[in-house]
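The values are calculated or read from the model by the stated rules, or taken from the named source; none is laboratory data. No experiment lies behind these values; they were computed from the predicted model shown. We place every Cβ from the backbone using ideal geometry, glycine too, and count neighbours over all the protein chains shown.
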Amino acid sequence: MMKRDECFRILARHIKDEAVVATYSSAVDWVGVAPRPLNYLSIGAMGLDSSHGLGLALGRPDRRVVVLQGDGSLLMNLGSLVTIAAVAPRNLVHFVAHNETYEANGGHPIPNRKVDFAGIARSAGYAAAYEFSDLRIFEQQVAHVLEQEGPVFATLHVEPSKPLKYDYPSLYDPAKRKAFKAALQAHS
Amino acid sequence: MEGRAASVDSPARELNGGEILTAIKASGIEYVLAVPDIVTSAGLLRPIAQDKALRLIRVCKEDECIGIASGLSYCDKRALVLIQYTGFLDSLNAIRGVAVEYKQPICMMVGLLAHDPEKAPRQSPKYGVRILEPIMDDMGIVHHLINENAHVAKIQPAIEKAYSESLPVAFLIGRRPSIDGGQSDDEEG
């Protein structure tokens, strides 16, 4: 089992001008590792991460979009896997941090801890789907995951984190949304 | 049968799908994000699906539309969410968060399933339709009833305003839009 922040540290080494959609616990860890204007943190409602990512990927086909979603979030929007697969954005890479809990809501278990997200993504029609539970293998393969034609899905099997500090006013600061849009347009 | 008789005998109360489609395109909409709705199925969704100037994204559940439209808006791409009122109600938390609290330009066209188009939505025989406008008022969402051809002129300025001021807007489709060259589709859904 891996740690989410360790996965993100490795992932961050491969992120250049990608738009990164991250929310809740994933956002806390990602911002801790890679604070940058091109982070999209305000999704407004749990589960919509993947849908916001699809909108960005459609609107900017010239730019890679990386979604860092939690397992509880994805369960609230499983249909988005089918929608994304049907639209088939080549520039979308979709990670789910599978820690088997609603970490931001008190650490309660998700309804079925063993749900096979990669299998669902594969059968929904994603171009490729992966699972990682060994940090060394993730480090070896993450560049390949990011570079191939999407939509690509990858499950990161991670441990629940130690209690995180959720600074929502900072994460959802309107100034961050403005900075994201400016950064996105600056890279046109 | 009353609905059909009204649309034939009173041309002023007809709602033409082609005119709505023209207004949508004139508003700079490039993407239509939709879950099928029987009110708008024949007169809007089918023509949109065949219109090469628009990209139709069929989603599984209505709240997906809110996230997709928001992502597109950051890229300066305009989208219209085409859903049934039940889907609007199901998506309230997404609309609350994205459209209202984050002030995103989410433009929604909402079909009023089982509504009597001769009545105002607040006097609808359907409970779900009666509560729509009060909910939108409480949430501060500007809404327009599109019930006859004369109302179609509201669409373009309202969409322009939504995008220029970064605010949501909703169009309530009170009767089944007719298909260009034909009558409205009055089959029960």
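Selection within the range A:20-42: residues that are within 14 Å of another protein chain (Cβ to nearest Cβ) and of a type outside the set (A, V, I, L, M, F, W, C). The member of this set that is nearest to A:Gln69 (Cα to Cα) is A:Thr23. Restricting A:Ser42, A:Ser73 to residues that are within 26 Å of B:Val59 (Cα to Cα), polar (S, T, N, Q) and at pLDDT 95 or above narrows the list to A:Ser73. Count of the range B:73-112 residues, restricted to those that are in a loop (DSSP other than H, G, I, E, B) and over 12 Å from the mean Cα position of the chain (by Cα), is 8. Restricting to the range A:76-98, name every residue that is assigned to a strand (DSSP E or B) and of a type outside the set (Val, Ile, Thr). A:Leu92, A:His94, A:Phe95, A:Ala97, A:His98, listed by residue number. Of the residues that make up the range A:68-75, is at least one surrounded by fewer than 24 Cβ atoms within 10 Å (Cβ to Cβ), within 14 Å of chain B (Cβ to nearest Cβ) and in a loop (DSSP other than H, G, I, E, B)? The answer is no; no qualifying residue exists.
What residue, of A:Ala128, A:Ala179, is over 17 Å from the mean Cα position of the chain (by Cα), among the small types (Gly, Ala, Ser) and either modelled with pLDDT under 95 or surrounded by fewer than 18 Cβ atoms within 10 Å (Cβ to Cβ) (or both)? A:Ala179 is the lone residue from the list that is over 17 Å from the mean Cα position of the chain (by Cα), among the small types (Gly, Ala, Ser) and either modelled with pLDDT under 95 or surrounded by fewer than 18 Cβ atoms within 10 Å (Cβ to Cβ) (or both). Scanning the range B:38-72 for residues that are surrounded by fewer than 24 Cβ atoms within 10 Å (Cβ to Cβ) and either within 8 Å of chain A (Cβ to nearest Cβ) or not in a helix (DSSP H, G or I) (or both) returns B:Ile38, B:Asp51, B:Lys52, B:Ala53, B:Leu54, B:Arg55, B:Leu56, B:Ile57, B:Arg58, B:Cys60, B:Lys61.
Screening the candidates A:Arg13, A:Arg63, A:Arg90, A:Arg4 for the property of being buried (at least 20 other Cβ atoms within 10 Å of the Cβ), basic (Lys, Arg) and at pLDDT 95 or above yields one hit, A:Arg4. Restricting attention to the range A:138-157, which residues are acidic (Asp, Glu) and in contact with a Lys or Arg (Cβ under 7 Å, 6 or more places away or on another chain)? Scanning the range A:138-157 gives a single hit, A:Glu149.
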